[in-house]
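The values are calculated or read from the model by the stated rules, or taken from the named source; none is laboratory data. As the structure is a computational prediction, the values presented were derived from the model and not from experiment. Here Cβ is always computed from backbone atoms with ideal geometry, including for glycine, and neighbour counts include all displayed protein chains. These area figures cover heavy atoms from the full protein model, side chains too; ligands, DNA and RNA do not enter into them. Shrake-Rupley method; radii C 1.70, N 1.55, O 1.52, S 1.80 Å.
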Amino acid sequence: MNYELLIQLVINGLIVGLLYGVVGMCFVLVYKSTQVVNFAQGEFLLVGAWVCWAMLIYLELPFIVGFLATMVFMAIFGILIQMIVLRPMIGEPIISVIMVTIGLSIFFQALMKWIFGVSAQSFPKVFETENIQIFGLNIESAYLMSTVIALIIMVAFFLFFKYSKYGLAMRATAFDQQIAQSVGISVKQVFAMSWGIAATVSATAGIVIGMVNGVSNSLAVMGVKVFPAVILGGLDSIIGAIVGGLIIGVLENVAEFFDSQYLHIGNMYDIAPFYVLLIILWFKPYGLFGTKDIERI
């Protein structure tokens, strides 16, 4: 067994898993505050990556400036999507709202193809050294940056929800919207804020992956790949999203390793997480950290 390759893949899986966890937190954030599963989450990655790429290429901004400008753009973008498209859907059947998010997904994929074309585009060089050797392991500089950013985002989420006024308002809204309204919390503002945060944080993951693999519509697939991580951890658990993301990230790479070395089935990288998801949900239908919802009929 090639242990060096296995360790390399596990490390890469943990790094990518952190990104899955970050995007998964956005899934959970939107679901907890609005009770909507956002199937357009992957398109937030796609739009954010293309916007940052355009700022670096066409406006020739330094990476840091372009990155921060993209964050501001995506925050406004997410808020406007909630206000213009989703706010009129309040009170409608949940399946109607889900179909709207699916429609948004299709629309933004088509829009990005129309504006930027279908060919993958590379980010301009950001780091002087593309790869860094750590304990003999070859790691992409962009992935190291993503690890730092992901950890900062996770700490920021914790501090925001625990200590800030708006974080407490979002937690109250997630617990019960009517009770939150009765104590003076603007549920509409909470909804808009949750979508703005989700768009901004997801765009960060899109930019990092775009720096490594190039920017193309395939970035939107990450929204689908993150979904098993969210379900695995529990759809209403921030911690579960992080743990589920790490599990799925490592599992993908380990499955690919054993498939290439021994099984030779093919495509295990993509399908192994869904197999494991099904097995775990047989025993824990609400995920590893999800809240059990018991209803009487």
Per residue, how many Å² of accessible area does the chain show with a 1.4 Å probe?
-> 51
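For the chain, compute the number of Lys pairs whose alpha carbons are separated by less than 17 Å, excluding pairs fewer than 8 positions apart on the same chain.
5
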So how do Tyr166, Tyr286 rank on accessible area, 1.4 Å probe, biggest first, that is with the largest at the start?
-> Tyr166, Tyr286
Just tell me, in residue order, which DSSP H segments of the chain are both 24 angstrom or longer along the helix axis (alpha-carbon based) and at least -1.0 in mean Kyte-Doolittle hydropathy.
-> 3-34, 41-57, 63-81, 94-116, 141-163, 187-213, 238-258
Give me the percent of the accessible area of the chain that comes from carbon and sulfur atoms, probe 1.4 Å, all protein chains in place.
-> 68
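For Cα pairs less than 8 Å apart in space and 6+ apart in sequence, what is the mean separation divided by the residue count of segment 143-255, i.e. the relative contact order in percent?
Numbers: 61 pairs, mean separation 15.3, N = 113.
Taking the mean separation of contacting Cα pairs over the length of segment 143-255, I get 14 percent.
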Any chance you could look up the accessible area of Leu246 with a 1.4 Å probe, heavy atoms only, rounded to 10 Å²?
-> 50
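Expressed as a rounded percentage, what relative contact order does the chain have, with Cα pairs under 8 Å and six or more residues apart?
36
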Just how much of Ile231 is accessible, in Å², when a 1.4 Å probe is used and the result is rounded to the nearest 10?
-> 40
Sorted by accessible area with a 1.4 angstrom probe, largest first, how do Leu5, Leu59 fall?
-> Leu59, Leu5
Once the Cβ-Cβ distance between Tyr275 and Glu92 is put in as r, and R0 is 51 Å, what FRET efficiency do you end up with, to the nearest 0.05?
-> 0.90
Per-residue accessible area for Asp270 at 1.4 Å probe radius, Å² rounded to 10?
-> 70
For labels at Gln35 and Asn267 in the simple 7 Å Cα→Cβ model, what's the distance in nm?
-> 3.7
For Asn131, residues with placed amide H under 5 Å, excluding near neighbours = Ser141
Charge tally for neighbours of Phe160 with beta carbon under 14 Å away, counting Lys, Arg as +1 and Asp, Glu as -1, is +4
